[in-house]
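The values are calculated or read from the model by the stated rules, or taken from the named source; none is laboratory data. As the structure is a prediction and not an experimental result, all values here were calculated from the model. Virtual Cβ from ideal backbone geometry, glycine too; neighbours counted across all protein chains shown. SASA here: full protein model, heavy atoms, side chains in, ligands and nucleic acids out. Shrake-Rupley method; radii C 1.70, N 1.55, O 1.52, S 1.80 Å.
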Amino acid sequence: MKNEETPRDAHCEHHHHHHHGDCCGHGHHHGDCCGHDHHHHHEHDGSMRRQLLLIGLTACLLVAAVIVEKTFALPVWQLLIIYLVPYLLIGHDTLREAIEGLLHGEAFNEHFLMSVATIGALCIGFLPGAETQFPEAVFVMLFFQVGELFEGYAEGKSRASIAHLMDIRPDVASVWRGGAELAVSPAEVAVGETIVVKPGEKIPLDGVVTDGVSALNTVALTGESVPRQVGVGDEVASGCVNLSGLIRVRTTKTFGESTASKIIELVEHAGEHKSKSETFITRFARIYTPVVVVAAVVLAVAPPLAIAACADGGTSFVALFPEWLYRALMFLVVSCPCALVISVPLTFFGGIGGASRHGILIKGANYMDVLSKVGTVVFDKTGTLTRGQFAVEAIHPEHGGDNRLLHLAAHVEHFSTHPIGAALREAFPDEATDGCRVSDVEEIAGQGIRARVGGDVVCVGNTKMMDTAGAHWHECTLPGTIIHVAINGDYAGHIVISDQLKDDSREAVEQLKQLGVARIVMLTGDRSEVAARVATRLQLTEHYAELLPADKLQHMERLLAEQSAGSRLAFVGDGINDAPVLARADVGVAMGALGSDAAIEAADVVIMDDQPSKVARAIAVARRTLAIARQNVVFAIGVKVAVLLLAACGAATMWMAVFADVGVTVLAVLNAMRALRQ
C-alpha cells in the first residue's frame, strides 16, 4: 500500500487543501471531499461561526437598507451604496472565488454564475424605465451563503462519522528499551521490539502477545461489541483498546504498515474511486454551465430584438431590454447545478461513513454502485461460512460411555500439534488435570498415534491404524473426519470431527435471498460430502467441492459469463488464499480481514470481523445510498426545469429563482445526510 519508509505522521502532516472542483464543481476550500481534512475540525467550527455571524449581520443590514429605501426617496446611486455594504459583506468570498476561477481558467463554477446574476441585478436599476433589483441581489448572495453553511455542516457530519476510525490511530507507544519503558511516537518503533500496553490504552502497532492476558475491545475495527480474549502467542491488531490486563507485545509490522494505518488510508482514499453517477455529474457540470450562460445571453438579447423588430418602432429595444435581462439573470440563478454537484458526492461519502460504523469498509463510491446491483454471491467455505476450526461433532462408542472414549483419545493426542488433536483436547479439557499417566507415545506417519494410558495401549487414528492393531472397525455415515479408537487391539468406537458453521451463516444466506440475490454459490477445496452437508444446511443454490485455487478461478469465469445484463457478482472469501478470485470478481469482499494484508489489498470491500451476514448489510447500505443519490438527481432537475420554464416565460420572480437554487440544494444535502444513518 505504501512505502515502509514513509512514517504515517509525515503522510498526514500536509493537508490536502486544493479546490475540489473535481468532485463538487465549485471551488471553495473544503479539503477534498473525502475525509482528508480531519485535523481541521476546530478550524471548520471557527469558519462556521464566522459564516453564521456574517449571515446574521447581513440580514440586519438588508432589512435596514429596505427601510431606508421605502422611507426616503434617494437617487439610484445612493441606494446602490447603501445596498453594496451588505452585498459585499456577504458576497466577498463568492466574488473572490469567481475571480480566482476566471484566472485559473475554470470560469464556469457556481460562484461565477452567482456573481454574474447578482452584479447584473445591481446594474438593472440604472437602465432607463427599469425597477431597481438591489434587495434581490443581496438576498441571492445571502441565501447562497446559507446553502454553503448547510453544505459545510453536512460535510462536517460525514467526516465525523469517519472520525471514529481516525481515533483508532494511537499517538504514543510505550516501548521497552534497555530495561526501561520509553514513551515514543509509534512511527519510531521497529519491527521485533517489545511494547507495553496498559489497560485502557490503544494498541499502537500490530504484533504478537509475549506476556499477559487481556480482553480487547475491537469495536472500532470490526463493529463487534463483544470483547476478544487474548493471551500469549495471540496476534493483536493496532487500533484495538486493551480493556483488562497489562500485556507485552512483540511488534510484527511498522507503524505505516499496521492495521489502523491501512484502514484509515483506505477510508481516506475511498473518494478517489469515483462512482459512475459521480463522474456523470462532473462531466455534466462541465458541459452544462457554458450552455446555460450562452442560453441566458440569448434570452436577454434575442426576444427584445425580435419584438422591437416586429413592432415597427412601437416599442424600442431599450424599453424591453431590462425585463428580459432580469429574466435572463433569473435563468442564471436557477440554472446553478449545486444541488446535484454537492449532494451526490456527499451521499456516497455518507454511505461509506455509515458502512464503516458497522465494520464494513467500502474502498470507493464506484464499489457502492456495483454492490447495489449484486445478483450472484459466491462464498468460499472454510473461514467464511465455517469457522475454519475443527470441533467434535459426534461420539459413537462401541461399549461404555462417550466420556471414556473422548478421555482416552484426548490423552493420546496430548502432545499433538495437528488441528484434530486440538479439537479432541478442547472437547475434553480435564485431561490435563485428571492425573492419568501417558507414556510410550508413538506417532505413526499416515495412520495416527499410539500411546499407553494407565495400563492400556490406546491407538487413535484412521482405518489403516485399526487394521495394524487388528481391530474390527466399521464405517460412519456422518460426513467429517472420522477418528477411530482401539484399546488393547479391541475396537472401542469412533469420534466425528468437522468444521463448524459460523453462528450467523444461515442468517446471512436468508438475508441475501430477501434482498433478491438469485444465486448463492459455494466454492471449496473440501471433500464433496462435507460441502454437500454445509450447502444443505444453509440452503445454498449450488456448490462445487474439491477445487484447487485455479479451479475456483475457472468457476468464477463461468459464473461471470452466465450473469444477466446489469447484474453483478460478489465473491466473499477470508482472503488468505483467495486474492486472485477476490480481484477477478465484479466486487471482492474480504471477510475477517483483521490483519490479513493480502485481503485488504485485493478486496474492494473489507469486512473487519467474521460475520458473513455483514455481506447482506453491505449490499443493503449500497442500495439505500444509491436510492438517495437518485432521489436527489430527480428532485433537483425537476424543480429546476419547472422554475427555468417559468423564468423564461416571465412568470417567476427572483425569490423563486433563489429557492429553486439554494432551497433545493439545502433539501438535497439534508436528504444526502440520511445516507450516514445506515
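Data for the structure
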item: FRET efficiency estimate (nearest 0.05) - Cβ-Cβ, Gln229 to Val634, R0 45 angstrom; result: 0.35
item: Neighbour cut-off at most 10 other Cβ (10 Å), DSSP loop, trypsin sites (Lys or Arg not before Pro), the range 408-452; result: Arg437
item: Amide H within-cut-off set for Ile444, under 5 Å, with H built and near neighbours excluded; result: Ile449, Arg450
item: Amide hydrogen neighbours beyond the local backbone of Ala394, cut-off 5 Å, H modeled; result: Val496
item: Segment Arg437-Asp402, extension gain: residue separation times 0.36 nm, minus the distance between their alpha carbons; result: 10.6 nm
item: Label point distance in nm, Thr463-Val68, each placed 7 Å from Cα along Cα→Cβ; result: 10.2
item: Euclidean distance between Cα centres, the range 393-460 to the range 53-131, Å; result: 89
item: Additional length obtainable on full extension of the chain from Gln78 to Arg558, 0.36 nm per residue less Cα span; result: 165.1 nm
item: Length added when fully stretched, Arg452-Ile307, from 0.36 nm per residue minus Cα-Cα; result: 40.9 nm
item: Projected label distance in nm at Ile119 and Arg283, using a 7 Å step from Cα toward the beta-carbon; result: 3.2
item: For Phe143, solvent-accessible area (1.4 Å; no DNA, RNA or ligand), Å²; result: 60
item: Rounded to the nearest 10 Å², the accessible area of Lys276 at probe 1.4 Å; result: 150
item: Loop-located chymotrypsin sites (Phe, Trp or Tyr not before Pro) in the range 343-415, at most 16 other Cβ atoms within 10 Å (DSSP); result: Phe415
item: Stokes-Einstein D for the range 303-428, Kirkwood Rh over Cα pairs, 25 °C, 0.890 mPa s (µm²/s); result: 106
item: Stokes-Einstein translational diffusion, the range 596-678 - Kirkwood Rh over all Cα pairs, 0.890 mPa s, 25 °C, in µm²/s; result: 156
item: Hz values of 3J(HN,Hα) by residue in the range 76-85 - Karplus curve (6.51, -1.76, 1.60), Gly and Pro given as x; result: 4, 5, 5, 4, 4, 4, 4, 6, 5, 4
item: Per-peptide average of other Cβ atoms within 10 Å, ordering 354-366, 63-75 highest first; result: 354-366, 63-75
item: DSSP bridge pairs, the range 460-606: antiparallel proportion in percent, nearest 5; result: 50
item: Percent carbon-and-sulfur accessible area, the range 66-107, ignoring ligands, DNA and RNA, probe 1.4 Å; result: 73
item: Mean shadow area of the range 398-551, taken as a quarter of the surface of its Cα convex hull (nm²); result: 11.2
item: Heavy-atom accessible surface of the range 328-411: percent carbon and sulfur, 1.4 Å; result: 49
item: Heavy-atom accessible area ranking, 1.4 Å probe, most first, across Tyr87, Tyr288, Tyr153; result: Tyr153, Tyr288, Tyr87
item: Mean accessible surface per residue for the range 412-479, computed with a 1.4 Å probe while every protein chain stays in place, in Å²; result: 59
item: Estimated FRET transfer efficiency (Glu507, Arg677; beta-carbon r; R0 25 Å; 0.05); result: 0.65
item: Point-to-point label distance, His418-Ile99, nm (Cα→Cβ direction, 7 Å offset); result: 8.2
item: Packing rank of 664-671, 628-635, where each peptide gets the mean count of other beta carbons within 10 Å, highest leading; result: 664-671, 628-635
